[in-house]
Amino acid sequence: MNTVLITGCSSGYGLETARYFHAQGWNVIATMRTPREGILPPSARMHVLPLDVTRPESIADALEMAGPIDVLVNNAGIGVVGAFEATPMAHIRKVFETNTFGVMAVCQAAIPMFRARKSGVIVNVTSSVTLAPMPLAAAYTASKQAIEGFTGSLAHELAYFGVRAKLVEPGYAPTTRFSQNTEVRLEDLIPESYAGFAEPILEGFATPALVTKEQDVAEAIWRAAGDLTGQLRFPAGLDAVALAAA
Ligand SMILES: NC(=O)c1ccc[n+]([C@@H]2O[C@H](COP(=O)([O-])OP(=O)(O)OC[C@H]3O[C@@H](n4cnc5c(N)ncnc54)[C@H](OP(=O)(O)O)[C@@H]3O)[C@@H](O)[C@H]2O)c1
């Protein structure tokens with residue numbers, strides 16, 4: 001039976017992806033910073049483990065407890081919306097610690113196992129902002145763009161060992177916790193001088209024309225994990241697919 005390990009399963013895309021792989025008959029290791037009871041189907045094929053991607057010992061412990069895995073999904077991430085000049089450098093570093101260095105650290109810990117087994121897939125979840133950068137999301141976009149380049153390079157490097165690396169690029173899902181997942185207040189990150197510019201953009205976030213559903217992302221991760229062609233990027237959701245086509 002195939003095994004997937006997913007980061008950031010407490011909500012949103014990660015939670016839905018854990019449910020999706022489980023429904024396909026996979027063994028699922030659903031990791032969370034703080035494990036929550038009752039949100040995933042009770043099953044002998046569903047295992048919840050603690051994993052904080054910013055803590056090396058937490059990554060090592062989770063991978064050791066998980067044992068051999070076939071697919072690693074780096075989904076955990078945090079967002080930040082605001083004018084770049086008003087975003088504290090400490091917060092920008094925090095975004096990179098999770099979205100960029102956290103992903104790299106989990107990959108680095110898992111690659112020796114994949115290399116030794118001469119198989120495996122790494123699926124890194126970025127964002128459609130890498131297809132078309134958005135205003136008021138410069139730090140976030142940069143953190144995800146770094147993972148695009150990283151994964152493209154890794155795909156070449158690991159192909160030699162029979163290991164694949166893929167990108168899933170979700171569009172915007174107003175239904176997830178993502179937009180509130182920041183410790184800095186939006187109003188502090190939009191200075192008065194930006195108000196006229198920011199207002200219509202923030203309104204657009206609240207009422208998007210096209211949205212990504214959690215299931216779109218789970219399904220794209222599933223397709224990426226099973227893909228045997230050289231395709232690197234998998235846009236997920238109607239808005240992301242439209243951006244990729246444009
Ligand atoms: N929603 C969108 O519009 C959107 C669009 C494009 C891409 N994405 C990307 O999709 C991924 C999932 O986002 P989502 O929309 O599902 O948001 P979400 O509901 O906020 O889920 C994010 C998950 O990441 C976890 N997380 C945060 N920091 C972590 C850390 N240090 N270690 C481990 N887990 C951590 C959160 O756990 P806690 O419960 O512990 O906070 C949560 O489980 C992210 O990479 C995000 O950048 C989202």
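None of the figures in this text is laboratory data; all of them are computed from the coordinates on show. In this text the structure is predicted, and so the values were computed from the model without any measurement. Cβ atoms come from the backbone with ideal geometry, glycine included; neighbour counts cover every protein chain shown.
How many times 2.2 N^0.38 Å is the alpha carbon radius of gyration of the stretch 89-133?
Values: Rg = 13.7 Å, N = 45, 2.2 N^0.38 = 9.3 Å.
So the Cα radius of gyration is 1.46 times the expected 2.2 N^0.38 Å.
FRET efficiency for the pair LEU186 and GLN215, taken as 1/(1 + (r/R0)^6) with r the Cβ-Cβ distance and R0 = 30 Å, rounds to 0.60. Averaging the Cα positions of each part gives two centres, and for the stretch 141-178 and the stretch 1-66 these lie 19 Å apart. Under a Cβ-Cβ cut-off of 10 Å, what is the net charge of the residues other than ILE122 that fall near it, where Lys and Arg count +1 and Asp and Glu count -1? Residues near ILE122 contribute +2 overall. Listed by chain and number, the lysines whose C-alpha is less than 27 Å from the C-alpha of LYS144, apart from same-chain residues fewer than 8 away, are LYS94, LYS166, LYS213. Given a Förster distance of 35 Å, report the FRET efficiency between GLU199 and GLU97 from their Cβ-Cβ distance, rounded to the nearest 0.05. The pair GLU199/GLU97 has a calculated efficiency of 0.70. Across the chain, the relative contact order, built from alpha-carbon pairs under 8 Å that are at least six residues apart, equals 21 percent. Compute the angle between helix 103-117 and the longest alpha-carbon principal axis of the chain, please, reported from 0 to 90 degrees and rounded to the nearest 10. Its long axis makes an angle of about 20 degrees. Label-to-label distance for MET65 and HIS156 is 3.8 nm, based on points extended 7 Å past Cα in the beta-carbon direction. Size descriptors for the stretch 123-196, from the alpha-carbon set: Rg then Dmax equal 15.9, 53 Å.
Taking the longest Cα principal axis of the chain as reference, the axis of helix 195-206 is set at about 40 degrees. Residues whose amide H comes within less than 5 Å of that of VAL121, counting only those at least five positions distant or on another chain, are VAL71, LEU72, ARG164 (H built at 1.01 Å from N in the peptide plane). Amide H to amide H, with H built 1.01 Å from N, VAL168 comes under 5 Å of ASN124, VAL125, THR126, PHE234, counting only residues 5 or more places away or on other chains.
Couplings 3J(HN,Hα) of the stretch 21-37, computed from phi: 5, 4, 5, 7, x, 7, 7, 10, 10, 8, 9, 8, 4, 10, x, 10, 7 Hz, in residue order, whole Hz [Karplus 6.51 cos²θ - 1.76 cosθ + 1.60, θ = phi - 60°; x for Gly and Pro].
Shown in residue order for the stretch 40-51 are the 3J(HN,Hα) couplings computed by the Karplus curve 6.51 cos²θ - 1.76 cosθ + 1.60 at θ = phi - 60°: 10, x, x, 6, 5, 9, 10, 10, 9, 10, x, 7 Hz (x for Gly and Pro). Using bins of 10 Å that start at zero, the share of Cα-Cα pairs per bin across the stretch 71-226 amounts to 10, 37, 32, 15, 5, 0, in whole %. Could you work out how far apart the two model spin labels at ALA83 and ARG55 are, taking each label as a point 7 Å from the Cα in the direction of the beta carbon, and quote it in nm? So the label points at ALA83 and ARG55 sit 3.7 nm apart. May I ask for the angle, rounded to the nearest 10°, between helix 56-66 and the longest principal axis of the chain, with both axes built from Cα atoms and the value confined to 0 to 90°? It works out to around 40 degrees.
With the simple spin-label model, which puts each label point 7 Å out from Cα in the Cβ direction, the LEU232 to ALA245 separation comes to 2.3 nm. Using the Karplus relation 6.51 cos²θ - 1.76 cosθ + 1.60 with θ = phi - 60°, the per-residue 3J(HN,Hα) values for the stretch 143-149 come to 5, 7, 4, 4, 6, 5, x Hz, with x marking Gly and Pro.
Rounded to whole Å and sorted largest first, what semi-axes of the equivalent ellipsoid does the C-alpha gyration tensor of the stretch 171-246 yield via the square root of 5 times each eigenvalue?
Values: eigenvalues 189, 40, 26 Å².
One finds semi-axes of 31, 14, 11 Å for the stretch 171-246.
Counting only DSSP H runs of at least 4 residues, each contributing -39500 (n - 2.57), and dividing by the residue count of the chain, the helix-based mean residue ellipticity at 222 nm comes to -13000 deg cm²/dmol.
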